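Comments concern the structure below.
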Amino acid sequence: MARIVVLEKKLEQRVETVVAKTRAAGSPYYAINPSGRVPYLVCDDGTGLEESALICDYLDHLDGKPALHGERSLEARRLEALARSMLDGLSVWGREILRPPQERSPGVIEHEAGRAARMADLWERSIEHPHMQGPLNMPQITLGCALGLEIRNPDFKWRPGHPRLSAWYDRISARASFAATAPPANQAR
C-alpha cells in the first residue's frame, strides 16, 4: 500500500524503498525498527512511522495536497475499515500457510478462509459504491491490495461468483502503481 501511494503521489525521488529482512534472528532491520514489522517509514527528522494506514496518510499529506485521503467522511472510513479487515485476515491466512505443514493451524486457516469468502460476497454487493468508483482513494487501494493476495495464496479463490468485483479489480490492478508493486507469487507451498 505504501509503495502504491509513493508512486501515485510521485514521491519516488523523495522516498527510498529498502527491502527489509524480517522474521529472521539477528536481522539488522531490528536496529531500525525493533518491532520488525513492515512497512516502516523513517521520516527526514528520524521519527519512525509504523503501520500502513499511518504511513499512507503521512505520504499523502507530504506535499500538502492530500488526494487519497481527501474524503474522510464516516462512510469513506467505514469502507476503508472493511477493506482493511479483509486484508488483515488474508495476511493471517497467508502467514499460516507459510508455516511448516505440521505447525499450521487448520482452525486458523478455516476461519480466515471463511472470513475472506464472506468479505468477497460483501464487496460484490458494495463495489459500485461511489467511493469505490470515483478517483483513487485509500478504500480502493486497501481493497485492491487485499484482492491482489490471490497470487500468493492459491486457495484464495474470490473471483468465482463475483463478476462485478472481478471487473473492478481488473481495472484497478491495471494501474501502473498496482502493476509495479504486485506481490510475487508464493513459492513456499
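When the residues of segment 143-152 are filtered to those that are of a type in the set (A, V, I, L, M) and either assigned by TED's automatic domain parsing to the domain that holds LYS9 or surrounded by 22 or more Cβ atoms within 10 Å (Cβ to Cβ) (or both), which remaining residue is farthest from GLU80 (Cα to Cα)? The residue in question is LEU147. Being among the β-branched types (Val, Ile, Thr) and part of a helix (DSSP H, G or I), is that true of even one residue in segment 45-62? Checking segment 45-62: at least one residue is among the β-branched types (Val, Ile, Thr) and part of a helix (DSSP H, G or I). Is it fair to say ALA174 is loosely packed, with under 14 Cβ neighbours inside 10 Å and under 14 Å from the mean Cα position of the chain (by Cα)? Considered against the rule, which asks whether it is loosely packed, with under 14 Cβ neighbours inside 10 Å and under 14 Å from the mean Cα position of the chain (by Cα), ALA174 comes out as no.
The residues listed here are GLN133, GLN140; of these, the one that is out of contact with any Asp or Glu (no Cβ under 8 Å at 6 or more places or on another chain), surrounded by fewer than 17 Cβ atoms within 10 Å (Cβ to Cβ) and polar (S, T, N, Q) is GLN133.
Of the listed requirements (1) basic (Lys, Arg); (2) outside any helix (DSSP H, G or I); (3) closer than 19 Å to MET132 by Cα, LYS65 misses just one: (3). Being within 18 Å of VAL38 (Cβ to Cβ), among the hydrophobic types (A, V, I, L, M, F, W, C) and either within 17 Å of the chain's Cα centre (by Cα) or not assigned by TED's automatic domain parsing to the domain that holds PRO34 (or both) is a description that does not apply to LEU79. In segment 68-88, the residue that is modelled with the lowest pLDDT out of those that are among the acidic types (Asp, Glu) and either surrounded by 20 or more Cβ atoms within 10 Å (Cβ to Cβ) or under 27 Å from LYS10 (Cβ atoms) (or both) is GLU71.
Checked against the criterion of being basic (Lys, Arg), touching a Ser or Thr at 6+ places or on another chain (Cβ under 6 Å) and either at pLDDT below 90 or not assigned by TED's automatic domain parsing to the domain that holds SER173 (or both), the candidates LYS21, LYS9 yield just one match: LYS21.
The values are calculated or read from the model by the stated rules, or taken from the named source; none is laboratory data. No experiment lies behind these values; they were computed from the predicted model shown. Cβ coordinates were reconstructed from backbone atoms using ideal geometry, including for glycine residues, and neighbour counts include every protein chain displayed.
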